[in-house]
Amino acid sequence: MYQILKQIVATGIKTEAPPEPDEALRVTGQRLQSEILEHFAGALTIRHVDAGSCNGCELEINALSNPYYNLEGLVMRFVAGPRHADMLLVTGPVSRHMETALKRTYEATPEPKLVVALGDCGCTGGIFGENYASCGRVSNVIPVDVAVPGCPPTPLAIVQGILTAISVIKD
């Protein structure tokens, strides 16, 4: 135990310095909030659907709620049901058991609806592909507006995918 404490004292604190405030990000955040308020009723509401993933993407989605990424601060929030959602965030290859549930969720989402496929599995079927147990990519089951590759994609890539989907609806 003494050796460990001695090593801790000798090493010191090894963490990164916090990022400096960036005025450009604050202005971008305000512009984004006004665009979201213009196209959606108060906030962009997102319904996450796990169509058969390994939960790697879900860990990164959970990171969006921490103070560093602060998805709520960008006027975006997750909802429990598709009837209140503006966007579906779908992870994993669509398993045969989730095919009908994903279609029903898509149909229950009101217009204008956006779909973002997350991760290599959601975009291409990943290592699972199409077989007796998997429909493969999300676009094989429902229309997809934006695909965010990565295994798993970083939280920043997920936010960029969401923002890209918002720009799709503006056009």
Picking from Ala85, Ala117, Ala133, the residue that is under 13 Å from the mean Cα position of the chain (by Cα), touching a residue at least 12 places away in the same chain (Cβ under 8 Å) and either over 10 Å from Ala51 (Cα atoms) or crowded, with 17+ Cβ neighbours inside 10 Å (or both) would be Ala117
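Given the criteria β-branched (Val, Ile, Thr), without any contact (Cβ under 8 Å) to a residue 60 or more places away in the chain, surrounded by 15 or more Cβ atoms within 10 Å (Cβ to Cβ) and closer than 14 Å to His48 by Cα, does Val159 qualify? Give the derivation first.
Values: β-branched (Val, Ile, Thr): yes; without any contact (Cβ under 8 Å) to a residue 60 or more places away in the chain: no; surrounded by 15 or more Cβ atoms within 10 Å (Cβ to Cβ): yes; closer than 14 Å to His48 by Cα: yes.
For Val159, the condition - β-branched (Val, Ile, Thr), without any contact (Cβ under 8 Å) to a residue 60 or more places away in the chain, surrounded by 15 or more Cβ atoms within 10 Å (Cβ to Cβ) and closer than 14 Å to His48 by Cα - is not met.
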May I ask you to verify whether Val148 is closer than 23 Å to Phe40 by Cα, surrounded by fewer than 19 Cβ atoms within 10 Å (Cβ to Cβ) and of a type outside the set (S, T, N, Q)? no
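Among the candidates Val27, Val49, Val9, which residue alone is of a type in the set (A, V, I, L, M) and at pLDDT below 80? It would help to see each step written out before you state the result.
Numbers: Val49 fails: at pLDDT below 80; Val9 fails: at pLDDT below 80.
It is Val27.
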Name the pairs whose Cβ atoms lie under 9 Å apart, with the first residue in region 49-63 and touching a residue at least 60 places away in the same chain (Cβ under 8 Å), the second among the aliphatic types (A, V, I, L, M) and in a loop (DSSP other than H, G, I, E, B), and 6 or more positions between them or separate chains? Ala51/Val141; Gly52/Ala133
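The values are calculated or read from the model by the stated rules, or taken from the named source; none is laboratory data. A quick note: this is a predicted structure, and the numbers were derived from the prediction, not measured. We place every Cβ from the backbone using ideal geometry, glycine too, and count neighbours over all the protein chains shown.
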